[in-house]
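The next block holds one structure in the form of structure tokens; read it before the comments.
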Amino acid sequence: MAGFLLWLLLLVFCWPLALLALVLYPIVWLLLLPLRLVGITVTAVFSFLGALLMLPARVLRGRPV
């Protein structure tokens, strides 16, 4: 909601810039989508490696009573 209100404020003060932002936003979102997917993948790989490294300690610790 805050982003929409800021856009309306920009529309009032500088409407060509607001229209340019409205047109360019989907293009920028599409260009950044692969980087977001790479970030999700890297986070998943690091989580998997952390769990794999902690597995022996979790197995040796045993079940909580």
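Results, tabulated for the structure shown:
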item	result
Filtered residue count, region 1-43, keeping only those that are among the small types (Gly, Ala, Ser) and touching a residue at least 12 places away in the same chain (Cβ under 8 Å)	1
Subset of region 16-65 that is β-branched (Val, Ile, Thr) and under 22 Å from Leu6 (Cβ atoms) - its residue that is nearest to the chain's Cα centre (by Cα)	Val28
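Results for (1) β-branched (Val, Ile, Thr); (2) surrounded by 10 or more Cβ atoms within 10 Å (Cβ to Cβ); (3) touching a His at 6+ places or on another chain (Cβ under 7 Å), shown as yes or no for each residue.
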{"position": "Gly3", "(1), (2), (3)": "no, no, no"}
{"position": "Leu8", "(1), (2), (3)": "no, yes, no"}
{"position": "Pro16", "(1), (2), (3)": "no, no, no"}
{"position": "Pro26", "(1), (2), (3)": "no, no, no"}
{"position": "Leu32", "(1), (2), (3)": "no, yes, no"}
{"position": "Leu37", "(1), (2), (3)": "no, yes, no"}
{"position": "Val42", "(1), (2), (3)": "yes, yes, no"}
{"position": "Met54", "(1), (2), (3)": "no, yes, no"}
{"position": "Arg63", "(1), (2), (3)": "no, no, no"}
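All of the numbers you see were taken from the coordinates with simple rules; none came from a lab. All values reported here derive from a predicted model rather than from experimental measurement. Don't worry about glycine lacking a Cβ; one is built from the backbone with ideal geometry, like all the others, and counts go over all protein chains shown.
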